[in-house]
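Asks: Attaching a single structure in structure tokens format; questions to follow.
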Amino acid sequence: MSLLLENKPIEVRTRRLARPSDEELVNRTLAGDRTAFDQLIRQYQRQGVAVSYRLVGNAHDALEVTQEAFLKAYLGLRSLRQPRAFGGWLMRIVSNLSLNLRRGRGVRRHSSLEQTPCDELRVMLPAGGASSRADPFRRTASAEMGQRLHAALQQLPQKQRLAISMFTLEGLPQKQVAAALGCSVEAVKWHVFQGRQKLKKLLKEYL
């Protein structure tokens, strides 16, 4: 695009602003910028709800847990030694609160796949969402498969379930998953591998 100013064309280039890093947003929050923490919420809310849902099995509980996790993160932000590791730190808070909820009062189970906050089928079914939604038979099969997958995930050991949920289903970086689980990246890889192997056995009649 060019603008004509005093008969001389001037090139005007639009450039997309780079997204602030987690470290920058954390530091801005600590300096009193509340809008910076709002941005962190927007970036991590969906992932937080999804991770919690894998543990509590109910979308409403998962949303409440995630909201509580953000509050705890905000109040304890000064205790975060590495601001760049905010994502993994937050997911650890989410997972701890979710496990506390499970132990304390049980969880309400969802009654429909439509309540699932993210796509349960991502790891097991091929792409092609539009055609699947248009075909009632395939939609029913997908819903059943999603419920089977959710039930199978609940049978995995805690760290395997979280590693599968965060890395395979949510696509979080391995370093972030490692921070959330309090283990090494190599341990994350092992948990994911073991979890996938167990899921294949649990779901072999449906694959």
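Asks: Could you tell me how many of the residues in the stretch 1-50 are at pLDDT 50 or above and of a type in the set (A, V, I, L, M, F, W, C)?
Replies: Qualifying residue count for the region: 12.
Asks: In the stretch 52-68, what residues are touching a Leu at 6+ places or on another chain (Cβ under 7 Å) and within 19 Å of Ala163 (Cα to Cα)?
Replies: Step one: of the stretch 52-68, the residues touching a Leu at 6+ places or on another chain (Cβ under 7 Å) are 54-56, 61, 65, 68.
Of everything in the stretch 52-68, those that are touching a Leu at 6+ places or on another chain (Cβ under 7 Å) and within 19 Å of Ala163 (Cα to Cα) turn out to be Arg54, Leu55, Val56, Val65.
Asks: Those residues that are farther than 23 Å from Asn96 by Cβ and either in contact with a Pro (Cβ under 6 Å, 6 or more places away or on another chain) or without any contact (Cβ under 8 Å) to a residue 12 or more places away in the chain (or both), I need them from the stretch 151-207; list them, please.
Replies: Hits for the stretch 151-207 are Ala151, Phe193, Gln197, Lys200, Lys201, Lys204, Glu205.
Asks: Considering only the stretch 178-200, I want to know if a residue exists there that is of a type outside the set (A, V, I, L, M, F, W, C), at pLDDT below 80, closer than 19 Å to Val56 by Cβ and surrounded by 12 or more Cβ atoms within 10 Å (Cβ to Cβ).
Replies: Within the stretch 178-200, the subset of a type outside the set (A, V, I, L, M, F, W, C) is 182, 184, 186, 189, 191, 194-198, 200.
Keeping just the survivors that are at pLDDT below 80 gives none.
Checked the stretch 178-200: no residue is of a type outside the set (A, V, I, L, M, F, W, C), at pLDDT below 80, closer than 19 Å to Val56 by Cβ and surrounded by 12 or more Cβ atoms within 10 Å (Cβ to Cβ).
Asks: Which condition does Leu80 not pass, out of (1) crowded, with 19+ Cβ neighbours inside 10 Å; (2) in contact with a Phe, Trp or Tyr (Cβ under 7 Å, 6 or more places away or on another chain), if it passes all the others?
Replies: Exception for Leu80: condition (1).
Asks: Taking the condition of being within 14 Å of the chain's Cα centre (by Cα) and surrounded by fewer than 23 Cβ atoms within 10 Å (Cβ to Cβ), how many residues in the stretch 57-66 meet it? Walk me through it before giving the result.
Replies: Initially, the stretch 57-66 is screened for residues within 14 Å of the chain's Cα centre (by Cα), giving 59, 62-63, 65-66.
Now restrict to residues that are surrounded by fewer than 23 Cβ atoms within 10 Å (Cβ to Cβ): 59, 63.
Selection size over the stretch 57-66: 2.
The values are calculated or read from the model by the stated rules, or taken from the named source; none is laboratory data. None of the values given here were measured: they were computed from a predicted structure. All Cβ positions, glycine included, derive from the backbone under ideal geometry; neighbour counts span all protein chains shown.
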